[in-house]
Amino acid sequence: MQQQRVFVQGREGSPLMPCHPARARRLLRVGRAKVVRRVPFTVRLIDRDQKDSAVQPVSLRLDPGARTTGVALVAEGGRGARAVWAAELTHRSQSIRSRLTDRRMYRRGRRSRKTRHRPPRLQNRARPKGWLPPSLQSRVDNTRTWAERLACRAPVSTVVVETTRFDVHALSAGKPLAGVEYQQGTLQGWELREYLLHRHGHTCAYCQGESRDPVLEVEHVHPRSRGGSNRVANLVIACQTCNTAKGNRTPGEWAVALGRTKFDQARAKTAPAIEAGKPSSLRDAAAMNASRYAVGRAVKTLGLPVTFTSGGRTKANRSSQGYRKAHWIDAACVGPAGDSVHLDPNAPVLSITATGRGQRRVTKPDRYGFPRGAAGRVKRVQGLQTGDRVRAVVPTGKYRGSHVGRVAGVRADGRMDVATTRQKFTTTAARLARLQAADGYHYEGAGL
Ligand SMILES: [Zn+2]
């Protein structure tokens, strides 16, 4: 199944239904369309507009993550919902953090080195409401940028965003959470499992992750086989190793039977607190991921109807359809309508990596941080800059032929480094034709 569709715009630029790549090729061949953008591949029809075409509702579904955000466009057709385009958007959180740390270091160095001593300024700057650390803010901005881009490439009618890991309200329906019971497999069970995972910070309550066992299970503190209840108060997250070792004993009984190794002693130490109903890592259900909510707020500013949903539901939807775990598949399964989506789990999708647009640094520091020599002063050489998508036509030599890739580096003398998916070579600006300007993202995977 060819999943990744080509975006189509009408004569005046209004979005039409994305089409199969073969159809786009035919339209281009007979001259009924022209290419307006390479990535994501978009064509514009010459002879038709939105009013002449049938447009089905398309929902944009987002699964924001710390490192990678899943993005999927799902069309509601006659044969049910179908994923028509998907991407995984990788954020640059860590590089922002390290660059800000660098900047702080340089400034501190300058303060003490250049002139008279200048003490750091007072911390008298107020942070505006809704302020996020720059690394988190960039995730929010990346996601909004792509939501906005896709909204003008496809006829997006609704946006669904996963803003919480679990939905406490759906879990307890307003009643105290302590009374909620665990039911394996139901939507409520999925939400509860996500809640417990969050509460225990995704680590085993007994060994605190010492066992290095990646399999985490919902564990009954007072064993089920001996009358222990299914209520939240009687449940913790345990790794499979600890869960199996504990068997049908209470934590107290198990602690007595544990050996003298360091690992066993650590587990024996946590057991009494768990038996007393006070596991060490209890997180507040309300203290949720601030940046996920910020993504929701940012997407709302696009002016489309936005629905917020929870991760418990996403997992339940994905599992019930038997799809593997991937960020874009999670995105397609987000929301109440995510329980019946046709998609090919093995289809390649576009991988988008946020790279930023270069740096402001004007000197090259040595490894001790002292300025040594000037960094490249020009960003653009003969109209080209790092990150531009280009076609290179190399007439002779090892790399002769026509290549499509991105400019990986520019030099003042006009030589250009070009990286394609397979190789990297140096050529001159005269042999390059720009296909698409650098936009702060690096693209790989399907549709290039
Ligand atoms: Zn464990």
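The values are calculated or read from the model by the stated rules, or taken from the named source; none is laboratory data. Everything quoted here is computed from the prediction, not taken from an experiment. Backbone-built Cβ (ideal geometry, glycine too); neighbour counts: all protein chains shown. Remember, those area values only see protein heavy atoms, side chains included, never the ligands or the DNA or RNA. Shrake-Rupley method; radii C 1.70, N 1.55, O 1.52, S 1.80 Å.
With all protein chains kept in place, the per residue accessible area of the range 168-275 amounts to 50 square angstrom at a probe of 1.4 angstrom.
Taking label positions 7 Å along the Cα-Cβ direction at both residue 94 and residue 404, the computed distance is 3.1 nm, reported to one decimal.
First measure r as the distance between the Cβ atoms of residue 426 and residue 105, then evaluate 1/(1 + (r/R0)^6) with R0 = 45 Å and state the FRET efficiency to the nearest 0.05. It comes to 0.85.
Ranking 96, 329 from most to least accessible surface, computed with a 1.4 Å probe over the protein chains only, gives 96, 329. For the chain, relative contact order (Cα pairs under 8 Å, six or more residues apart, normalised by length) works out to 17 percent. Computed about the Cα centre, the dipole magnitude for the chain is approximately 3160 debye when only Lys and Arg (+1) and Asp and Glu (-1) carry charge, each at its Cβ. Label-to-label distance for residue 301 and residue 361 is 3.0 nm, based on points extended 7 Å past Cα in the beta-carbon direction.
Put simply, the convex hull of the Cα atoms in the chain casts, on average, a shadow of 30.5 nm². Computed from the Kirkwood radius of its Cα pairs, the Stokes-Einstein diffusion coefficient for the range 53-166 at 10 °C and 1.306 mPa s stands at 91 µm²/s.
Listed by chain and number, the aspartates and glutamates placed with their C-alpha closer than 16 angstrom to that of residue 262 are 210; residues fewer than eight positions away on the same chain are left out. For the range 85-162, the solvent-accessible area with a 1.4 angstrom probe is 66 square angstrom per residue.
Exposure check, 1.4 Å probe, all protein chains in place: residue 351 carries approximately 40 Å² of accessible surface. Over the range 1-48, accessible surface divided per residue gives 50 Å², non-protein components excluded, 1.4 Å probe.
In the chain, the portion of solvent-accessible area held by carbon and sulfur atoms comes to 50 percent [1.4 Å probe, whole percent, DNA, RNA and ligands not counted]. Relative to the dominant Cα principal axis of the chain, helix 290-300 is inclined by about 50°.
Extension gain, residue 436-residue 12: 0.36 nm per intervening residue step, less the Cα-Cα distance, totals 150.6 nm.
Think of each Lys and Arg Cβ as +1 and each Asp and Glu Cβ as -1; about the Cα centre, that makes the dipole of the range 168-275 roughly 240 debye. What's the angle, to the nearest 10 degrees (0 to 90), between helix 93-113's Cα axis and the longest principal axis of the chain? With rounding to tens, the tilt is 80 degrees. Across the range 363-439, how large is the tail of the calculated P(r) beyond 17 Å, expressed as a percent of all Cα pairs? Pairs farther apart than 17 Å: 46 percent. Residue 68 sits with roughly 20 Å² accessible to a 1.4 Å probe, with DNA, RNA and ligands left out of the calculation. Quick note on the range 261-419: its Rg to Rh ratio, both from C-alpha atoms and Rh being the Kirkwood radius, is 1.16. Give me the angle, in degrees from 0 to 90, between the Cα long axis of helix 311-320 and the longest principal axis of the Cα atoms of the chain, rounded to the nearest 10. With rounding to tens, the tilt is 90 degrees. Directionally averaged projected area (the range 66-118, Cα convex hull): 5.4 nm². Over the C-alpha atoms of the range 1-48, the Rg to Rh ratio, Rh being the Kirkwood estimate, stands at 0.93.
Using only alpha carbons, the range 168-275 has a radius of gyration to Kirkwood radius ratio (Rg to Rh) of 0.98.
Can you tell me the FRET efficiency between residue 178 and residue 67 if r is taken as the Cβ-Cβ distance and R0 is 22 Å, rounded to the nearest 0.05? E between residue 178 and residue 67, to the nearest 0.05, is 0.05.
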